[in-house]
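The values are calculated or read from the model by the stated rules, or taken from the named source; none is laboratory data. Note that the coordinates shown come from a computational prediction; the quantities given were computed from them, not determined experimentally. Quick reminder, even Gly has a Cβ in these numbers, built from the backbone with ideal geometry, and neighbours come from all protein chains shown. Protein only, heavy atoms only, side chains kept; ligands, DNA and RNA dropped before computing areas. Shrake-Rupley method; radii C 1.70, N 1.55, O 1.52, S 1.80 Å.
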Amino acid sequence: MNRASVRWGAEIVSGVLCLIHILPFYILITTSFKAIDDPSSKWIMPGYLYLDNFLNAWHEANLARAFMNNVTVTAFALAGIVILGSIASYPLARYQTGWNKFMYAVFISALIVPPLTILVPLYKLMVDIGGMNRFWGIIMLHITFSLPITIFLYTGFIGTIPKELDEAAMIDGAGRLGLFYRVLLPLLKPVTATVLILTGVTIWSDYQFSVFFLQQPVTRTITVALSSFFGQYNNNIGWVAAGSFMAAVPITVLYLFLQKYFIHGLSSGAVKG
């Protein structure tokens, strides 16, 4: 088999995979802009724009408040993840002591723990510390469960940065914190973009934590607010589709702004650990 055949085969497979991923979004769009009484197939794009689905979803699910709740939780969680993850990764990458290797292994092993398997003790803990229906409580949960992958990526990326930079900065009189914030942190833009996208998508679209720990209407996030349609409005799938479409816009915009750093940070972060 020659190279041309291999290349064409790879392109066909890639095209099929892309199509599989695009089809759900296509159906989401067609459903969002169709009237409730439209009998046409979901595979057919409507010849009109029916915006009532968006208006109804926005008002009935109180998406204005839900969007603000999502922004609050996601922004503070991402800030904590980036700050704590990058600071914790620096000594793990630079000082390969037995203790640091053990701690790194502990962080990475946490990746295999599904959050729902420890839901009962988590729920009890949140009740005991007064974190139920509090944004700070769910922000702490998101930071905790996002730190393993964050530390994995940051540690691998910092490991690719020459140690001579550290030595040069310290010769110039920089302390450890000054070295990290003034020299290393600006170099971490690619992996930081990767962390923001990977963890940001998960936090923004979270349902498993939000449905249990943010139960009051004023604290509901978008996914929990939209889930109410399935019980009360079983026939209005267009409202759910429209709400989901609006919820996907912010995180899509974030990806478009950070995509040039994403692949570089992801690949570099997996080189070493």
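Computed quantities for the displayed model
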| item | result |
| --- | --- |
| Odd one out for residue 208, checked against (1) under 25 Å from residue 79 (Cβ atoms); (2) of a type in the set (S, T, N, Q); (3) modelled with pLDDT of 85 or more; (4) part of a helix (DSSP H, G or I) | (4) |
| Scan of region 17-52 for residues that are in contact with a Ser or Thr (Cβ under 9 Å, 6 or more places away or on another chain), of a type in the set (Phe, Trp, Tyr) and surrounded by 10 or more Cβ atoms within 10 Å (Cβ to Cβ), ordered by number | 50 |
| Residue under evaluation residue 132, criteria (1) open to solvent by less than 80 Å² (accessible area, probe 1.4 Å); (2) at pLDDT below 85, criterion not met | (2) |
| Sole exception among (1) at pLDDT 85 or above; (2) out of contact with any Leu (no Cβ under 7 Å at 6 or more places or on another chain) for residue 103, by number | (2) |
| Any chance residue 4 is part of a helix (DSSP H, G or I), in contact with a Lys or Arg (Cβ under 6 Å, 6 or more places away or on another chain) and either open to solvent by less than 70 Å² (accessible area, probe 1.4 Å) or at positive phi (or both) | no |
| Residues of region 98-112 that turn out to be over 16 Å from residue 156 (Cα atoms) and over 23 Å from the mean Cα position of the chain (by Cα), as a count | 2 |
| Yes/no for residue 105 being in a helix (DSSP H, G or I), without any contact (Cβ under 8 Å) to a residue 24 or more places away in the chain and surrounded by fewer than 17 Cβ atoms within 10 Å (Cβ to Cβ) | yes |
| Residue among 94, 176, 134 that alone is within 24 Å of residue 205 (Cβ to Cβ) and of a type in the set (D, E, K, R) | 134 |
| Tally of residues being over 17 Å from residue 243 (Cβ atoms) and of a type in the set (S, T, N, Q) across region 17-43 | 2 |
| Extreme residue, nearest to residue 131 (Cα to Cα), among residues of region 53-66 that are out of contact with any Phe, Trp or Tyr (no Cβ under 9 Å at 6 or more places or on another chain) and surrounded by fewer than 18 Cβ atoms within 10 Å (Cβ to Cβ) | 65 |
| Condition met for residue 62 (at pLDDT below 90 and on the phi > 0 side of the Ramachandran plot) | yes |
| Filtered residues of region 225-256 (kept if over 15 Å from residue 58 (Cβ atoms) and in contact (Cβ under 8 Å) with a residue 40 or more places away in the chain) | 235, 237, 251, 254, 255 |
| Candidate set from region 224-236 (those that are out of contact with any helix residue (DSSP H, G or I) (no Cβ under 6 Å at 6 or more places or on another chain) and not in a loop (DSSP other than H, G, I, E, B)); member that is modelled with the lowest pLDDT | 232 |
| Residues within region 144-165 that are hydroxyl-bearing (Ser, Thr, Tyr) and open to solvent by 20 Å² or more (accessible area, probe 1.4 Å), tallied | 2 |
